[in-house]
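The values are calculated or read from the model by the stated rules, or taken from the named source; none is laboratory data. Quick caveat, the model's predicted, so the values are computed rather than measured. FYI the Cβ positions are ideal-geometry reconstructions off the backbone, even for glycines, and counts take in every protein chain you see. Ligands, DNA and RNA are stripped out before the accessible areas are found, and what is left, the full protein with its side chains, is counted by its heavy atoms. Shrake-Rupley method; radii C 1.70, N 1.55, O 1.52, S 1.80 Å.
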Amino acid sequence: MAGRSARRRVGSSSTISSTAFSEKPLSQDPSAPATIEDKRSWKGFCEIESEPAFFNIMLKKFGVQGVKVQEIVSLDDEILAFLPRPVYGLIFLFKWIEEDSEKQEQSCPKGVWFANQTINNACASVALLNIVNNVPSIDLGESLHAFKMFTANFTPALRGDAIGNFNFVKEVHNSFARKMDMLNADLLLKNEATAKKGKKRTTDQDESEGGFHFIAFMPIDDQLWKLDGLERQPMSLGSVQGDWLSQAKPDIEARMAQYEEGQIEFAILSLVRDPLLETIPALAKNVKAINALSIRLDIVKPGWKDFVDSSTNGEIAGTDSLIGNTNLAYGLTQEMLDQAEPSQAVMALCLSDIASDILGHREQLITTQAGLRMSIREEMQSNQSDEERAAARTCDYGARMQRFVRKMRVRQQSSKEA
């Protein structure tokens, strides 16, 4: 089973790290919200929880099209079967332990885009980029596509440095940063630097203080790969034989087994093809087919609407309003409707003179449309929920909490004086 006791704030105790403080000090009042200028001038990366909504918003801001992040609550085959296909990759959150370096590739294969994590707390962005940059069919958007081309011949370490220096990625990642996140990250790095100067850290200390970290699993060129930004090179898990998710399960489950009983300190996210890429075109095809059959019925059986139950004459399914309204609902556009091609069965019925056959198929299409509309509505509501969760994450409550504490102190003093 996969799960977690709480959403984990992910920062890694990296073996490859670099200090990252602001070029100029943040505003002195720690309770004041971080300004846009604060976030732009800050050289660090904020911690991000293992929340699918945050990853979806990051992908949207990156410009990546047609990819959705969904949480996996279990690695049972029955649960994995419900994931939209294709599944581009998995992101696994766990308490990081270094792998045996002998299991890694000696160098990064030419067909694999892999970046090291060279900046603390950047593992969320690194894991995302390590997946989407290895799927040729994904539309990366202008900025990420240019970055992928620019870093094509870089080593993993240089790609990691490039991510840290790429303001576009850093600003998207840090759009979730709050003032306290930035101050805590700077303080942690300062304390680590001081500790390293004062005394040598032991292996036991490193293991006990290991941070939570994201790594990626995905198929690339018929090979299953583990892409861990804290490892020097990617690791091949063998040739893909059938369903690659089943092949990735043993490695993930082995890591889960390392936790003590009762500890749930991991999470699994999947990157899948956005279901709306399938359902909206299917709705366009459905609407056009119903309209075509309605036109044929006008010819074959004039007045046919008088004999059809009002619940299935197209109004409840939305066919009339969807085609006649310029503000098309459910993500449809007139261009989609124009380009949609009805099935051969619909085309044949458009030449038929048997009204009962046409009516029967039309009713089936209306029932199908109801299901499509429900699926699209649920996905759109999910996208809206992601936006709301992301907005709540970026809200700085420091000033509000400070005002609340001050009011409580005033009330306590007043009650004592009374």
Can you name every residue in the range 137-158 that is open to solvent by less than 50 Å² (accessible area, probe 1.4 Å) and within 19 Å of Asp274 (Cβ to Cβ)? Ile138, Leu140, Gly141, Leu144
Per the filter on the range 239-260, residues open to solvent by less than 70 Å² (accessible area, probe 1.4 Å), assigned to a helix (DSSP H, G or I) and among the small types (Gly, Ala, Ser) are Ser246, Ala248, Ala254
Taking the range 384-404 and the residues there that are hydrophobic (A, V, I, L, M, F, W, C) and modelled with pLDDT under 70, the one that is surrounded by the most Cβ atoms within 10 Å (Cβ to Cβ) would be Ala399
Of all residues in the range 42-94, how many are of a type in the set (Phe, Trp, Tyr) and in a loop (DSSP other than H, G, I, E, B)? 3
Restricting the search to the range 360-381, which residues are more than 17 Å from Lys285 (Cα to Cα) and surrounded by fewer than 16 Cβ atoms within 10 Å (Cβ to Cβ)? Gly360, Arg377, Glu378, Met380, Gln381
Do we have Ser50 as modelled with pLDDT under 95 and either within 30 Å of Leu189 (Cβ to Cβ) or open to solvent by less than 20 Å² (accessible area, probe 1.4 Å) (or both) here? yes
Residues (among the small types (Gly, Ala, Ser) and farther than 30 Å from Pro33 by Cβ) located in the range 351-395: Ser352, Ala355, Ser356, Gly360, Ala370, Gly371, Ser375
Checking Ser74 against (1) buried (at least 20 other Cβ atoms within 10 Å of the Cβ); (2) hydroxyl-bearing (Ser, Thr, Tyr); (3) modelled with pLDDT of 85 or more: exactly one of these is not met. Which one? (1)
Do we have any residue at all in the range 345-359 that's open to solvent by less than 70 Å² (accessible area, probe 1.4 Å), of a type outside the set (A, V, I, L, M) and modelled with pLDDT of 85 or more? yes
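Conditions tested, residue by residue: (1) at pLDDT 95 or above; (2) surrounded by fewer than 21 Cβ atoms within 10 Å (Cβ to Cβ); (3) under 16 Å from Leu271 (Cβ atoms).
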| site | (1), (2), (3) |
| --- | --- |
| Arg85 | no, yes, yes |
| Gly89 | yes, no, yes |
| Glu99 | no, yes, no |
| Glu105 | no, yes, no |
| Lys110 | no, yes, no |
| Thr118 | no, no, no |
| Ile131 | yes, no, yes |
Collect the residues in the range 53-64 that are under 28 Å from Leu187 (Cβ atoms) and of a type in the set (Phe, Trp, Tyr), keeping them in residue-number order. Phe54, Phe55
The range 148-163: number of residues that are closer than 8 Å to Asn116 by Cβ, within 23 Å of the chain's Cα centre (by Cα) and small (Gly, Ala, Ser): 1
Yes/no for Glu171 being in a loop (DSSP other than H, G, I, E, B), modelled with pLDDT under 95 and surrounded by fewer than 20 Cβ atoms within 10 Å (Cβ to Cβ): no
